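A.B. asks: My questions will all concern the structure given below.
The values are calculated or read from the model by the stated rules, or taken from the named source; none is laboratory data. Note that the structure is a prediction, hence the values are computed from the model and not measured. All Cβ positions, glycine included, derive from the backbone under ideal geometry; neighbour counts span all protein chains shown.
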Amino acid sequence: MSELFKPSGDSEKADDYNERGISYFNLKKYPEAIKEFTKAIKLIQNEPDFYFNRGLTYYSMKMLEQAIKDYSKSVELYPDHADYYNALGAAQEDIGDLESAYNSFSKAIKLEGDIPDYFYNRGNVLWKMGKKEEALNDFSRAVDLNATDQIFLYRRHELLSNMGRYQEAITDLERSVQLSPSNYQLYLAEADVYEKMKNYSKALSALEQAEKYIPDPALISERKEDIRSKM
């Protein structure tokens, strides 16, 4: 239970319901998990983790409005928990409430400014809002905090490419390849960017690298021929 929790009922029994809910959640038996978390909440109505756990379950069931309601209750009970805001932001983003999502991710960052995922998530929202430079700053912050997670580099490359900053996008892809040299998707992405740059020889080379690792090389044979026709 959270450090701020003050018992207001049968806490031991509520804990049992909560643990059973977690077990059901891990088994992806979401309706059963909901029932157990609800039992826990009925016994202890001021424990934020119970609402958060039920919110996670609702979110997994794509029941976003219910998830937002539970996440909001968690935040109300414990407003200094960054993960609560991050989860709330994700649900708000999914329903298209970008302004609220931005505010939630910003609160998470204010509480814990060294978690790359929070910047990554806010960056995605900023991009959707059309604020590309701000999104780029957040993706770059995520990369700075964890340069070994290629998802941050890959996402930044997508934005850079969208902004027409192709050479910077290639640099991020090259760094990603160093982290995961057998990931054929990275070479395909390189080919896409090189083609936009009209550097068809490098695009073809990237496809040839992808060919070494892709399960079915025939899948890109037509793409190779298309690139050759442009050379």
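A.B. asks: Going by the structure shown, is residue 196 closer than 25 Å to residue 124 by Cβ, more than 26 Å from the chain's Cα centre (by Cα) and surrounded by fewer than 19 Cβ atoms within 10 Å (Cβ to Cβ)?
C.D. replies: Considered against the rule, which asks whether it is closer than 25 Å to residue 124 by Cβ, more than 26 Å from the chain's Cα centre (by Cα) and surrounded by fewer than 19 Cβ atoms within 10 Å (Cβ to Cβ), residue 196 comes out as yes.
A.B. asks: Something else: Hey, can you tell me all the residues within region 144-182 that are crowded, with 19+ Cβ neighbours inside 10 Å, of a type in the set (D, E, K, R) and over 18 Å from the mean Cα position of the chain (by Cα)?
C.D. replies: 172
A.B. asks: Against the condition on the phi > 0 side of the Ramachandran plot and not aliphatic (A, V, I, L, M), how does residue 212 come out, does it pass?
C.D. replies: On the way: on the phi > 0 side of the Ramachandran plot: no; not aliphatic (A, V, I, L, M): yes.
Judged against the criteria, residue 212 is not a match.
A.B. asks: Of the residues 70, 83, which single one is touching a residue at least 24 places away in the same chain (Cβ under 8 Å), part of a helix (DSSP H, G or I) and closer than 18 Å to residue 108 by Cα?
C.D. replies: Sole residue among the options that is touching a residue at least 24 places away in the same chain (Cβ under 8 Å), part of a helix (DSSP H, G or I) and closer than 18 Å to residue 108 by Cα: 83.
A.B. asks: Give the number of residues within region 87-112 that are surrounded by fewer than 23 Cβ atoms within 10 Å (Cβ to Cβ) and either touching a strand residue (DSSP E or B) at 6+ places or on another chain (Cβ under 9 Å) or within 19 Å of residue 155 (Cβ to Cβ) (or both). Steps first, please.
C.D. replies: First pass over region 87-112, keeping only residues surrounded by fewer than 23 Cβ atoms within 10 Å (Cβ to Cβ): 90, 93-100, 102-103, 106-107, 109-112.
In the following step, the residues that additionally are either touching a strand residue (DSSP E or B) at 6+ places or on another chain (Cβ under 9 Å) or within 19 Å of residue 155 (Cβ to Cβ) (or both) were identified as 90, 93-94, 98, 102, 106, 109.
Of the residues in region 87-112, 7 are surrounded by fewer than 23 Cβ atoms within 10 Å (Cβ to Cβ) and either touching a strand residue (DSSP E or B) at 6+ places or on another chain (Cβ under 9 Å) or within 19 Å of residue 155 (Cβ to Cβ) (or both).
A.B. asks: Next question. Across region 204-228, what is the number of residues that are among the small types (Gly, Ala, Ser) and either more than 29 Å from the chain's Cα centre (by Cα) or not in a helix (DSSP H, G or I) (or both)?
C.D. replies: Residues flagged as among the small types (Gly, Ala, Ser) and either more than 29 Å from the chain's Cα centre (by Cα) or not in a helix (DSSP H, G or I) (or both) within region 204-228 amount to 3.
A.B. asks: Can you name every residue in region 138-167 that is small (Gly, Ala, Ser), in the same structural domain as residue 193 (by TED's automatic domain parsing) and assigned to a helix (DSSP H, G or I)?
C.D. replies: 161
A.B. asks: Here is a further query. Picking from 141, 54, which residue would you name as being surrounded by 21 or more Cβ atoms within 10 Å (Cβ to Cβ) and of a type in the set (Lys, Arg)? Please lay out each step first, then the result.
C.D. replies: Numbers: 141 fails: surrounded by 21 or more Cβ atoms within 10 Å (Cβ to Cβ).
Sole residue among the options that is surrounded by 21 or more Cβ atoms within 10 Å (Cβ to Cβ) and of a type in the set (Lys, Arg): 54.
A.B. asks: Confirm whether residue 173 is touching a helix residue (DSSP H, G or I) at 6+ places or on another chain (Cβ under 7 Å), aliphatic (A, V, I, L, M), modelled with pLDDT of 95 or more and farther than 20 Å from residue 160 by Cβ.
C.D. replies: Details: touching a helix residue (DSSP H, G or I) at 6+ places or on another chain (Cβ under 7 Å): yes; aliphatic (A, V, I, L, M): yes; modelled with pLDDT of 95 or more: yes; farther than 20 Å from residue 160 by Cβ: no.
No.
A.B. asks: Quick check on region 174-190. Is at least one of its residues outside any helix (DSSP H, G or I) and free of Cβ contacts under 8 Å to residues at least 12 places away in the same chain?
C.D. replies: Of all residues in region 174-190, those outside any helix (DSSP H, G or I) come to 180-183.
If we keep only those that are free of Cβ contacts under 8 Å to residues at least 12 places away in the same chain too, we end up with 181.
Scanning region 174-190 turns up at least one residue that is outside any helix (DSSP H, G or I) and free of Cβ contacts under 8 Å to residues at least 12 places away in the same chain.
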